[in-house]
Amino acid sequence: GTWLTALRDLATRALRAPDRVLGLLSDLAPMGPVGPVGLDEVRLVLTRHLSELSTAPGGRPAGRIWVGSVDDARGRDFDVVFVPGLHEKSFPQRLIEDPLLLDRVRVALRAATGARLELNADRAAAERLRLRLAIGATSERLVISWSRLDADKGRPRVPSFYGLEVLRAAEGRLPGFDELSLRAERGEARRLGWPAPDDPARAIDAAEYDLAVLHGLISGRTVGADGDGAGLASYLVSASPHLARALRAHARRELRRWTPADGLVLDPKASHTGATQAALDRHGLALRAYSATALQKWADCPYQFALYALHKLAPREVPEPLERLDPRQRGSLFHDVQFELLQRLRDADRLPLGDDPAALEPALALLDTVLAEVAGRYADELAPAIERVWEDGLAAIRADLRGWLRQLAADRDWAPHRFELSFGLPGRRAKDPASTDAPVQLDVGVRLRGAIDLVERAADGTLRATDHKTGRPRGTAGMVIGGGLHLQPVLYALALEQLVPDAPVAGGRLWYCTERAGWEDRVIPLDERARDAASRLATAIDDSVVGGFLPAYPRADGRYNACTWCDYATICGPDEVQRTKKKPKREVERLIAIREEP
């Protein structure tokens, strides 16, 4: 009863039309004395009832379409009634005895106690009654239909024997299933994914008409006076300027040359004003700051880089229940704990840790404390829906962090020196005191912004930039820029040279610091080979940006397809890899060369 009272108050405040919900709660009033019950039980009882509430049409019903269950059609009268889904396992449904209480046992119980226990025969009779109710609700015309294909399994469906009985009642004879299927094929057939009739004259709206016309042209059934279908669909171009623009852009994308329809591509045949070039020049790599993550997207797909770094488009955030820790959320939590832990250890003068168990155990205890504090902040922000999933995710993060700390303590060659050393990120909250708000101008011609997760220092004062990763290991041993996909080690090492000019920099490192990754790392020395690769990459990207040539040309190596992981795949559409194979390779030779860099 306490729940019913609270839910009535909530319904009147939260719903514009609470009458149906209030009526349902009134029906449940006899259950008021039952209890105590928790919210889970309340949801279990209400979910099915609330999801099946129907809305009776208001006002005059004439000229309207009413959609409802067969039981809701009792006492109603319609000119035309449609009964869809008349195929096996749907109408009628597959009848299965209750395995816990078989029909023979139910019959015995009914005879002994008089209890009303439903049998399979009763269910079949109830279903036949529903069909009679549906047919009885029409006064002029009845339309029955079924789906000839199971879209989920790709198998043909079998029409229901009820369809045969309807024809026998209407015509006085019982046809076969073959005849029933033949009649359906001669009727208004529909195609999966193409909801339109074959004849445009039988379309019920403009969309069906357009699809029917196009299908006739595609199939070759529709021809004009000159013997072909040329020009018969030209009305579409004049009917909608947006459709006309889309059709022309699609046609240009299929040309065997690069056009502005292929992405951010300037038309070489068109005259460009000084304002156009000035707008492109402002995005040059030496004039505005870029992150290593943004520059990596150019090697994956130049158009993806343009949308992300130049236009700054981002996918719309859709709130979803937290059924598992999102990789980005997991990585953010992981990095925050690392930063706060190392900061507290440095403030307590306990770095480097060394591999002495007496020094490591207090650090592990401090790690648990920091993780609990950071996880508490994240829990308030994320509000995990399933507590056990959240706790299991934290347990996995705790295990990885403890392993990472042990690996850090066991390294005798390198010691932690700076944490979250940022540059060009003035609004960043967690950053090292030596950070700078201004971006760093690299010698290779890139104005870089970002944050180095960990700066390590050797005994002789040499520095190394380490970027922590929480995913699976990528790249190969001996790589430099990894085809343009792994830029943090080299670019962060170059940035470290500018930030600390009086200390030598050995290079950079990707450290996959999780147990699943096996604590693997990729160490890239900052030698002439790395500097040359970074210079070639920067020049290629800068020329593409300033020259206005950033087409959709996704990387596809073996099983890897950049479009699979791209946030902007809906902009380009499917099959970009196959489409761009027809384009000339001369304009993308430098991109292909970067992708082949080790």
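The values are calculated or read from the model by the stated rules, or taken from the named source; none is laboratory data. The structure displayed is predicted, hence computed values, not measured ones. For neighbour counting, all protein chains shown are included, and Cβ atoms are generated from backbone atoms with ideal geometry for every residue, glycine included. Surface accessibility is based on the protein's heavy atoms, side chains included, excluding ligands, DNA and RNA. Shrake-Rupley method; radii C 1.70, N 1.55, O 1.52, S 1.80 Å.
GLU165 fulfils the conditions (1) under 44 Å from the mean Cα position of the chain (by Cα); (2) surrounded by 12 or more Cβ atoms within 10 Å (Cβ to Cβ) except for a single criterion, (1). Of the numbered criteria (1) farther than 10 Å from GLN304 by Cα; (2) surrounded by fewer than 17 Cβ atoms within 10 Å (Cβ to Cβ); (3) within 22 Å of the chain's Cα centre (by Cα), the one GLU576 fails is (2). Please list, ordered by first then second residue, the pairs with beta carbon atoms under 6 Å, 6 or more apart or interchain, first in the stretch 528-544 and more than 12 Å from VAL446 (Cβ to Cβ) and surrounded by 18 or more Cβ atoms within 10 Å (Cβ to Cβ), second of a type outside the set (A, V, I, L, M, F, W, C) and modelled with pLDDT under 95. Matching pairs, first to second residue: ALA533/GLU597. If the condition is being over 36 Å from the mean Cα position of the chain (by Cα) and assigned to a loop (DSSP other than H, G, I, E, B), then the stretch 410-441 contributes ASP411, ARG412, ASP413, TRP414, PRO433, ALA434. On the basis of being of a type outside the set (Lys, Arg), in contact with a Leu (Cβ under 9 Å, 6 or more places away or on another chain) and in a helix (DSSP H, G or I), does LEU325 make the cut? No; evaluated as a whole, the condition is false for this residue. Considering the stretch 332-358 alone, what residues qualify as being outside any helix (DSSP H, G or I) and either more than 20 Å from GLU373 (Cβ to Cβ) or in contact (Cβ under 8 Å) with a residue 24 or more places away in the chain (or both)? Scanning the stretch 332-358 gives ASP349, LEU351, PRO352, LEU353, GLY354, ASP355, ASP356. Do we have ALA261 as part of a helix (DSSP H, G or I), loosely packed, with under 12 Cβ neighbours inside 10 Å and at pLDDT 85 or above here? No. Confirm whether ARG157 is closer than 20 Å to ASP71 by Cβ, in contact (Cβ under 8 Å) with a residue 40 or more places away in the chain and under 43 Å from the mean Cα position of the chain (by Cα). It is false that ARG157 is closer than 20 Å to ASP71 by Cβ, in contact (Cβ under 8 Å) with a residue 40 or more places away in the chain and under 43 Å from the mean Cα position of the chain (by Cα).
When only residues in the stretch 1-22 that are under 22 Å from ASP72 (Cα atoms) and either modelled with pLDDT under 90 or in a loop (DSSP other than H, G, I, E, B) (or both) count, which is least open to solvent (accessible area, probe 1.4 Å)?
Going through the stretch 1-22, the residues under 22 Å from ASP72 (Cα atoms) turn out to be 17-22.
Cutting the leftovers down to either modelled with pLDDT under 90 or in a loop (DSSP other than H, G, I, E, B) (or both) gives us 17-20.
Numbers: ALA17: 72, PRO18: 21, ASP19: 118, ARG20: 107 Å².
The selected residue is PRO18.
Out of curiosity, is ALA517 open to solvent by less than 20 Å² (accessible area, probe 1.4 Å), under 15 Å from TYR303 (Cα atoms), of a type outside the set (S, T, N, Q) and in contact (Cβ under 8 Å) with a residue 24 or more places away in the chain?
Spelling it out, it is not the case that ALA517 is open to solvent by less than 20 Å² (accessible area, probe 1.4 Å), under 15 Å from TYR303 (Cα atoms), of a type outside the set (S, T, N, Q) and in contact (Cβ under 8 Å) with a residue 24 or more places away in the chain.
Number of residues in the stretch 359-388 that are of a type outside the set (Lys, Arg), open to solvent by 40 Å² or more (accessible area, probe 1.4 Å) and free of Cβ contacts under 8 Å to residues at least 24 places away in the same chain equals 8.
No other residue among ASP122, ASP72, ASP77, ASP103 is open to solvent by less than 50 Å² (accessible area, probe 1.4 Å) and out of contact with any Leu (no Cβ under 7 Å at 6 or more places or on another chain) apart from ASP122.
Within the stretch 137-156, the set of residues being over 15 Å from GLU179 (Cα atoms), open to solvent by 60 Å² or more (accessible area, probe 1.4 Å) and in contact with a strand residue (DSSP E or B) (Cβ under 8 Å, 6 or more places away or on another chain) comprises SER139, GLU140, ARG141, LEU149, ARG155, PRO156. Screening ARG64, ARG130 for residues that are under 26 Å from VAL158 (Cβ atoms), basic (Lys, Arg) and open to solvent by 60 Å² or more (accessible area, probe 1.4 Å) leaves exactly one candidate, ARG130. Quick check, is PRO426 open to solvent by 60 Å² or more (accessible area, probe 1.4 Å) and either under 30 Å from ALA292 (Cα atoms) or not small (Gly, Ala, Ser) (or both)? Here the answer is yes, as PRO426 does meet what is asked. If you scan the stretch 23-53, which residues turn out to be open to solvent by 90 Å² or more (accessible area, probe 1.4 Å), under 23 Å from ASP71 (Cα atoms) and either more than 35 Å from the chain's Cα centre (by Cα) or of a type in the set (Asp, Glu) (or both)? Once the filter is applied, which keeps residues that are open to solvent by 90 Å² or more (accessible area, probe 1.4 Å), under 23 Å from ASP71 (Cα atoms) and either more than 35 Å from the chain's Cα centre (by Cα) or of a type in the set (Asp, Glu) (or both), the stretch 23-53 yields ASP27, GLU52.
Within the stretch 434-467, restricting attention to residues that are in contact (Cβ under 8 Å) with a residue 60 or more places away in the chain and acidic (Asp, Glu), which residue is farthest from LEU491 (Cα to Cα)?
Within the stretch 434-467, the match that is farthest from LEU491 (Cα to Cα) is ASP453.
Quick grid of which residues meet (1) among the aromatic types (Phe, Trp, Tyr); (2) modelled with pLDDT of 85 or more; (3) more than 24 Å from LEU307 (Cα to Cα); (4) surrounded by 13 or more Cβ atoms within 10 Å (Cβ to Cβ):
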{"site": "GLY172", "(1), (2), (3), (4)": "no, yes, yes, no"}
{"site": "ARG186", "(1), (2), (3), (4)": "no, no, yes, no"}
{"site": "ARG191", "(1), (2), (3), (4)": "no, no, yes, no"}
{"site": "ALA196", "(1), (2), (3), (4)": "no, no, yes, yes"}
{"site": "VAL223", "(1), (2), (3), (4)": "no, no, yes, yes"}
{"site": "ALA251", "(1), (2), (3), (4)": "no, yes, no, no"}
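Are any of the residues in the stretch 83-103 over 30 Å from ARG157 (Cβ atoms), over 41 Å from the mean Cα position of the chain (by Cα) and in a helix (DSSP H, G or I)? Checked against the condition, which is being over 30 Å from ARG157 (Cβ atoms), over 41 Å from the mean Cα position of the chain (by Cα) and in a helix (DSSP H, G or I), the stretch 83-103 yields no hits at all. What do you reckon, is GLY445 more than 19 Å from LEU285 (Cβ to Cβ) and open to solvent by 10 Å² or more (accessible area, probe 1.4 Å)? No, not satisfied.
Condition check ((1) of a type in the set (A, V, I, L, M, F, W, C); (2) touching a helix residue (DSSP H, G or I) at 6+ places or on another chain (Cβ under 9 Å); (3) over 27 Å from ARG74 (Cβ atoms)) across all residues:
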site: ALA108; (1), (2), (3): yes, no, yes
site: ASP122; (1), (2), (3): no, no, no
site: ALA125; (1), (2), (3): yes, no, no
site: ARG132; (1), (2), (3): no, no, no
site: ARG141; (1), (2), (3): no, no, no
